[in-house]
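Below is one structure, written out as structure tokens; comments come after it.
What follows is calculated from the coordinates using simple rules that are stated; it is not laboratory data. Quick caveat: nothing in here was measured; it's all calculated off a predicted structure. When we count neighbours, we look across all protein chains shown, and the Cβ atoms used for this are built from the backbone with ideal geometry, even at glycine.
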Amino acid sequence: MILGRCRFFNSTVLPMVTCALFAAIPLVTWAFPDKETDLGEVGMSPVNKERISAVSLGFGGMNALDEYLSPGVYRGMAFDFSYQTIRRFRQADGWYSPYFFNVVASPMRMGNGNGRTYALMLDFRPSWERLWIQKPKFTLTAGPGLFVRVGGVYNVRNSNNPAQLKLHIAASVSGEAAYRLTVSSFPIDLRWRIDIPLLGYNFSPDFGLQYYEMYYLGQMSGASHFAWPGNLLMLGQRISADIPVGGVRLRLGYMGDYWGYNMGGVRCRIFSNTFLIGIVRRVEIKHNGR
Amino acid sequence: MRHHIMNIKALLLSLSVLSVTSCIRETMPDNTPAGNFEALWEMMDQRYCFFDYKASEYGLDWNEVYVRYKPRISDNMSSEGLFEVLCEMLSELRDGHVNLYSSIDVGRNWSWYEAFPPNFYEHLQSNYLGTDYRIGGGLRYQILDDNVGYIYYSDFTGSLDDSYLNRALNYFSLCNGLIIDVRSNGGGYIFNIDKIVSRFIEEPVLCGYVCHKNGPGHSDFSDYAERWIEPATDQLRWNKPVAILSNRGCYSATNTFVSDMKALPQVCVIGDRTGGGGGIPSSFELPNGWSVRYSACPMLDSDRRQIEFGVEPDIRVDISDSDFARGVDTIIESARVWINSFLSK
């Protein structure tokens, strides 16, 4: 709720800072060279026949402006569930195949409090990432991926066009920087992950295009758009700390999603910021990669 | 060095592409009387679909409306006062699909039927329906004395299942003709139109056109999309004469239904001109949370004529005072006469 109203979290400043910092990582590591080591020893990434999975719940805020439904901004609490897993790519050394599944839901209200909107988004983000930097306490992976978002936004007060289907499928780039921090002999893995969809498809009805025309007369051409960074920008980032507590590793973190597009005379932006808590598990892969 | 350049390029690219989302900011004015007035005027200016048509019909000038109403807005005016001024401004559009919803009231313009004779009285209708009429799917129906079927359909908002239509048409299978009375039906789901019309055609029929605004200018419209209705080939259909009864209370989906049926050869529209409502409505909100409904998409008849101000009947009939006094519905009687004359041709 607090995040939903905070200007910093709901402007482009945060994603810009994020991209700038992530892009600067190679510069920093180039400036401070260190000897290479094996990831298995570090233990931040999965070794062969092993995968690292994390399940987490999140709570925070969402901020949405969808001009197809309303010219006003809606804000509210956001709840999410996410599942993330990563394992080594068997066919190629130095490659990893993480994927991320996330569901976020938010009941929102207009600033004046008398309009309601509900949002539900499902994301699936598999990627294939190469290990680019490998140091004793630091790793950086990055590579191509797929971004799939399916969801909807429902405005309670609208009569003939009450909801907006969200469908975004795109080729993306993903990356993760991980650093092992040791506090009183306890290894804490700090992870920073970003996903940026680049080229693909986005469903967004043009200005004025009505449900009746789309779904009854079949005029769908005005709702399908080629998405590229000139008309759609999305940045998903997760910053987390995996902390050993007893026999398990607890994940605490932050997840931010900044999604905006300007297509067919309709502008839409949905920002969500949530705090995460979850559990991380290392699982041995026994048969056929399962 | 080469690594340096690559990294700097990546950084600049990241920063430049993010400038696109920086454009996506709320453009809604402040929640003040002036802000709400500006938001309403501008949103209607960009989204309402009948400015050009109404300028030609009765000289509507939306810019002149702004100049006339703006001086009535002040910072210290009450919500009730603001609501009254905004409703008055919207009434300049003479559109029953334009409403302002607030906790104070629902702003409306119902002049499309309030200013005309009702031409429909339930106590007169009950003389024809009796008490043993059938009910199904929102239809109330009866067979009249001269073996003419009579259906009263009062509302397009309910779900009209095929089974109800089959049941009704089967009930009328031995009748000479059919009267479909949609008087004072204020509209509802547009999808119900096709369900009914499809029972009265033998081949696909081009019933009309629809387009939408594709930009903020008053003349920014998409190409017309054709509205075809397919016959309900796997359902019971009717090919005998049909009289559609209309009055000024026929609005929105009912208006379109009358327009569609009027284009069919065995159909005659009898009664008063329909009330209109030829635009598909949509909604937006003002900074203070009031909701506005407006006509977003014009629907045209099969000859590409506007139906926003109603559909003229084939036979114009009003309920006469003498018939009213005798408990006779002049419009139903005219329909019975037309069906019998159609059969005798």
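Couple of notes before you dig in:
- Footprinting exposure proxy ranking of B:ILE104, B:ILE193, fewest other C-beta atoms within 10 angstrom first, gives B:ILE104, B:ILE193.
- Summed side-chain charge close to A:VAL55 - residues other than A:VAL55 whose Cβ falls under 14 Å, Lys, Arg +1, Asp, Glu -1: +4
- Compared with the alpha-carbon gap, the fully stretched path from B:ASN340 to B:SER111 is longer by 78.9 nm at 0.36 nm per residue.
- Each residue of region A:180-192 was assigned a 3J(HN,Hα) from its phi angle through the Karplus curve 6.51 cos²θ - 1.76 cosθ + 1.60 (θ = phi - 60°); the sequence is 9, 9, 10, 10, 6, 6, 8, x, 10, 8, 9, 10, 9 Hz, with glycine and proline shown as x.
- Taking other residues whose beta carbon is less than 15 angstrom from the beta carbon of A:GLY278, and scoring Lys, Arg as +1 and Asp, Glu as -1, yields +4.
- Environment charge at A:TYR216 (Cβ cut-off 15 Å; Lys +1, Arg +1, Asp -1, Glu -1): -3
- Listed pairs B:LYS54/B:LYS262; B:LYS54/B:LYS213; B:LYS262/B:LYS345; B:LYS195/B:LYS345 exceeding 27 Å between Cα atoms: B:LYS195/B:LYS345
- Reachable aspartates and glutamates from B:LYS70, criterion Cα separation under 19 angstrom, eight or more residues apart if same chain: B:ASP30, B:GLU38, B:GLU42, B:ASP45, B:ASP61, B:GLU80, B:GLU84, B:GLU88, B:GLU92
- When B:PHE200, A:PHE138 are arranged by Cβ crowding within 10 Å, least crowded first, meaning fewest neighbours, the order is A:PHE138, B:PHE200.
- The Cα atoms of region B:118-197 give a gyration tensor whose axes a ≥ b ≥ c have a/c of 1.5 or more with a/b no greater than b/c, which makes the shape oblate.
- Chain B - share of DSSP beta bridges that are antiparallel (%, nearest 5): 60 percent
- Here the spin labels are modelled as points 7 Å beyond Cα on the Cα-Cβ line, and at A:LEU167 and B:ASP161 they lie 3.0 nm apart.
- Reducing region A:226-265 and region B:256-295 to their Cα centroids gives an inter-centroid distance of 45 Å.
- Whether region B:230-345 is rounded, prolate or oblate, judged on the alpha carbon gyration tensor where a/c under 1.5 counts as rounded: oblate
- Within a Gaussian network of chain B (alpha carbon springs, distance under 10 Å), most fluctuating of B:GLY271, B:GLY279, B:GLY149: B:GLY149
- DSSP beta bridge pairing in region B:224-330, given as percent antiparallel to the nearest 5: 50 percent
- Ignoring aspartates and glutamates fewer than eight residues from A:LYS135 along the same chain, the ones with Cα atoms less than 15 angstrom from its Cα are A:ASP34, A:GLU36, A:ASP38, A:GLU41, A:GLU176, A:ASP189.
- In this simple spin-label approximation, B:TYR121 and B:TRP228 carry label points 7 Å from Cα along the Cα→Cβ vector, and these lie 4.7 nm apart.
- Residues A:CYS268, B:CYS49, sorted so that the one with the fewest Cβ neighbours within 10 Å comes first: A:CYS268, B:CYS49
- Taking 0.36 nm per residue of separation and subtracting the current Cα-Cα distance, fully stretching the chain between B:LEU206 and B:GLU57 would add 51.0 nm.
- Inter-label distance for B:SER320 and B:ARG134, nm, one decimal - labels placed 7 Å from Cα along Cα-to-Cβ: 3.4 nm
- Estimated [θ] at 222 nm from DSSP helical runs (n ≥ 4, -39500 (n - 2.57)) normalised by residues in chain B, nearest 500: -10000 deg cm²/dmol
- Cut-off 13 Å, label 7 Å out along Cα→Cβ of A:LEU199, residues of region A:165-182 by amide N: A:170-173
- The aspartates and glutamates within cross-link reach of A:LYS166, meaning a Cα-to-Cα straight distance under 14 Å and a gap of 8 or more places when in the same chain, are A:ASP66, A:GLU67, A:ASP123, A:ASP206.
- Kirkwood hydrodynamic radius over Cα pairs of chain B, then Stokes diffusion coefficient at 20 °C and 1.002 mPa s, in µm²/s: 94 µm²/s
- Projected-area average for the protein assembly as shown over all orientations - Cα convex hull basis, square nanometres: 37.5 nm²
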